[in-house]
1. Search the range 551-582 for residues being assigned to a loop (DSSP other than H, G, I, E, B) and either of a type in the set (S, T, Y) or outside the structural domain of T666 (by TED's automatic domain parsing) (or both), and hand back the single one that is surrounded by the fewest Cβ atoms within 10 Å (Cβ to Cβ).
2. Is it fair to say I503 is outside any loop (DSSP other than H, G, I, E, B) and surrounded by fewer than 20 Cβ atoms within 10 Å (Cβ to Cβ)?
3. Which pairs have Cβ atoms under 6 Å, sit 6 or more apart or on different chains, and link a residue in the range 355-377 that is at negative phi to one that is modelled with pLDDT under 70 and crowded, with 19+ Cβ neighbours inside 10 Å?
4. Out of the residues in the range 583-630 meeting the condition of being modelled with pLDDT of 55 or more, part of a loop (DSSP other than H, G, I, E, B) and basic (K, R), tell me which one is nearest to the chain's Cα centre (by Cα).
5. Determine if the range 195-203 includes at least one residue that is assigned by TED's automatic domain parsing to the domain that holds Q125 and at pLDDT below 60.
6. Here is a check on your reading of the model: is E242 more than 28 Å from the chain's Cα centre (by Cα) and farther than 25 Å from E461 by Cα?
7. Take the residues of the range 271-315 that are out of contact with any His (no Cβ under 7 Å at 6 or more places or on another chain) and small (G, A, S): which is farthest from A231 (Cα to Cα)?
8. Sort out which residues of the range 86-115 are part of a loop (DSSP other than H, G, I, E, B), under 34 Å from the mean Cα position of the chain (by Cα) and surrounded by fewer than 16 Cβ atoms within 10 Å (Cβ to Cβ), and write them in order of number.
Amino acid sequence: MYRHLIYMLIALALLLSTLQARRLEPGSDDHDRYLTACEHYKKGDYEEARNILYEMLRDHDNDPYLNHILGMSFAKMGGVHNRNYARKYLKQAVRLEEDSLDWRYDLGLLLLESDMEAAAEEQFQELVKRDSNYVRAYYHIMDICIERFCHNGNRSKLAQGYRTALVSQGRYPGDDVIAYKKALIEMLFKSDNQAVKTISPPHRPDTLQTEIRLLDAYLKYRLRDFDQSYALFSSALSDLSEDESSGYRDITLLLTNQQKREYEELPESQKAQFEDNFWAGLDPDLTTRVNEKIVEHFARVYFAEIMFARPEADVHGWEMDQGKLYIRYGQPLSAKWYLPDDNDPLLSCRWSWVYMFDGRPVELEFLNIFGGDNYQLAPMNYGGDVKIADDLVNEIPNVATFAQSSNLINSIFSYFIYKGPEGESMLDLFVATPYDQFVYEPVEGHAVCSVEYRTALIDLEGAILDRKTAGQQIVISPTLSKNPDFYNFATISMKAPADSLNIACAIEQKSAQRVNVYERPLRIYDFRDSGFHMSSLILASKVGEKEKDSLFNRRDIKLIPNFTNTYRTDDTLIVYYEIYDLPLNIRGRSHYRMTYTIQEQDIPGNIFGMLASVLSSKQKTGITHTADRGDIRTDRFEPLKIDISSLEPGLYEFTLTIEEFVLGKTLTRSARFSVVDESG
């Protein structure tokens with residue numbers, strides 16, 4: 001054992017000596033060559049400095065000083081190719097000398113020049129973490145924040161405020177203003193979780209409660225905790241004066257000109273109902289107890305007040321042109337700030353925002369002619385006609401912006417209506433989601449994420465009848481997590497009243513801020529009235545023996561729904577249905593006729609295609625089958641297996657009719673599916 005320990009010590013000594021040899025020793029010939037290269041660098045002869053240092057690198061690749069000057073030489077030479085090498089050697093220098101703040105600052109600047117803002121911000125944030133008085137880093141952090149959207153006119157004020165808050169909080173941890181200021185700036189830097197920690201117990205100050213509740217509400221909105229956000233906004237707004245809260249409660253900020261005229265013409269007694277109907281029409285997710293659009297409106301008004309208000313002129317953020325546009329349409333696709341044009345000395349600066357209207361980008365410009373951050377919306381050219389931009393955008397209806405398209409979870413939903421064990425009407429919702437639609441955390445060699453499913457039943461008047469929430473933890477292999485051809489499945493079961501309803505189902509991964517909401521009308525069958533009853537249909541892709549704890553167990557079989565309702569010509573069409581309460585004749589047997597038809601459907605592209613299909617003499621492809629059945633059972637649960645190899649690719653409707661002969665009652669159910677060729 002001692003012998004192995006001696007060998008290990010010898011090997012470690014050799015390794016350390018090798019690493020030391022790779023660093024420059026003062027007084028050596030190579031050190032003199034390094035000093036010569038530095039002289040070339042100081043004189044601006046960057047290429048010669050690079051040539052000397054690059055040759056030395058083979059023997060001294062672990063020397064931080066050599067890596068730094070070599071990286072700076074490449075950076076000074078300019079060009080994309082040289083910047084790539086510059087980043088490589090500057091990163092190596094910082095790795096070898098982590099406490100060299102100036103080198104880290106040089107790396108941050110180089111990353112900014114390379115349009116790598118996130119990586120640059122990481123270096124600058126590490127700088128201020130190591131030295132809270134490294135002032136230059138704060139201004140670059142603020143510039144990055146401004147590029148994301150912030151008000152350029154407040155750059156130096158916000159940067160100085162951020163530095164003061166960071167430095168002072170360590171010295172005066174009980175100062176409420178400092179904690180609030182620090183959290184506010186952290187919010188602007190998109191560090192929402194850190195901002196929440198700054199103002200959360202035990203760090204929550206005893207004063208500034210209204211301001212802190214508003215900031216906390218905004219942060220909860222950004223973190224998609226809409227329930228908490230709404231509660232905090234409601235609490236804070238009750239403490240504000242009527243003037244301070246007017247923008248939060250003013251729906252005219254979202255109305256079109258026509259809607260505004262209708263609203264203003266209403267008597268005061270009817271305006272509250274108008275507002276309720278307006279918000280209800282914009283509710284993006286009926287499965288939740290709060291209206292996310294109202295929360296979004298509160299959050300936008302708050303941000304507009306923070307960013308665009310002019311307190312010195314007693315003007316609120318929602319009264320400024322930028323604030324009005326931000327509240328109405330949210331953050332623009334891009335926001336660029338321009339210095340004055342030398343040819344137009346009257347123009348102090350210009351702020352350009354780009355939104356998508358009518359499916360194309362529209363640039364809106366704000367001019368600061370009068371100074372003092374008093375930006376005003378300028379006339380613009382739209383579609384060849386010069387119009388006032390304010391009039392134009394106020395004619396575009398407001399829409400629910402619950403989630404950006406890039407954050408949508410692409411799921412497939414289907415359902416099954418059937419009779420419960422006590423005769424109640426039951427609804428099963430099936431949700432299939434490709435594994436690559438989620439964002440995973442690595443845990444012990446697996447890919448893991450948590451998903452929430454929510455459902456709501458709504459009557460035709462818009463009233464919520466019932467809600468249900470369920471969670472699911474997904475644990476799969478990292479390889480499968482990136483595969484769009486494999487699906488995660490979930491089933492949600494709930495009682496449903498027999499009526500014509502609307503159903504809403506949401507799937508959300510809150511940690512990744514990804515969501516999808518599915519809505520559709522449904523007719524829930526009544527299984528309690530007299531006579532026999534039939535469930536809806538399930539088009540399935542596979543049927544087999546029942547398995548323990550399977551999501552797809554139904555009665556005594558395992559039935560996997562075909563979520564896309566698409567079959568190949570060599571597939572077997574599987575249709576599952578259930579019959580209940582079949583009456584028995586005097587012999588104690590049921591007697592009914594089961595008939596199913598499969599009929600090709602037209603897919604006309606326009607009225608002429610529809611007319612042509614009506615006049616066409618071509619016989620549509622179809623299948624018909626009839627069978628008389630009966631036995632001593634009053635309930636039947638049956639999967640039909642149908643050969644569809646004779647069908648041509650196209651759209652088809654499957655219709656199942658059960659004609660009961662004892663009482664003379666007939667029920668019909670139908671479902672549509674597509675057939676593609678074998679290669680599809």
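The values are calculated or read from the model by the stated rules, or taken from the named source; none is laboratory data. For clarity, every value in this text was computed on a predicted model and none was experimentally measured. FYI the Cβ positions are ideal-geometry reconstructions off the backbone, even for glycines, and counts take in every protein chain you see.
1. The selected residue is T564.
2. On the way: outside any loop (DSSP other than H, G, I, E, B): yes; surrounded by fewer than 20 Cβ atoms within 10 Å (Cβ to Cβ): no.
Judged against the criteria, I503 is not a match.
3. So the pair list comes out as L364/A389; L377/A389.
4. Applying the filter and picking the extreme gives K620.
5. Yes, the range 195-203 has at least one match.
6. Spelling it out, E242 is indeed more than 28 Å from the chain's Cα centre (by Cα) and farther than 25 Å from E461 by Cα.
7. Among those that are out of contact with any His (no Cβ under 7 Å at 6 or more places or on another chain) and small (G, A, S), it is A313.
8. We begin by selecting, within the range 86-115, every residue part of a loop (DSSP other than H, G, I, E, B); these are 97-100, 114-115.
Imposing the further condition that a residue be under 34 Å from the mean Cα position of the chain (by Cα) reduces the set to 114-115.
Once the filter is applied, which keeps residues that are part of a loop (DSSP other than H, G, I, E, B), under 34 Å from the mean Cα position of the chain (by Cα) and surrounded by fewer than 16 Cβ atoms within 10 Å (Cβ to Cβ), the range 86-115 yields only D115.
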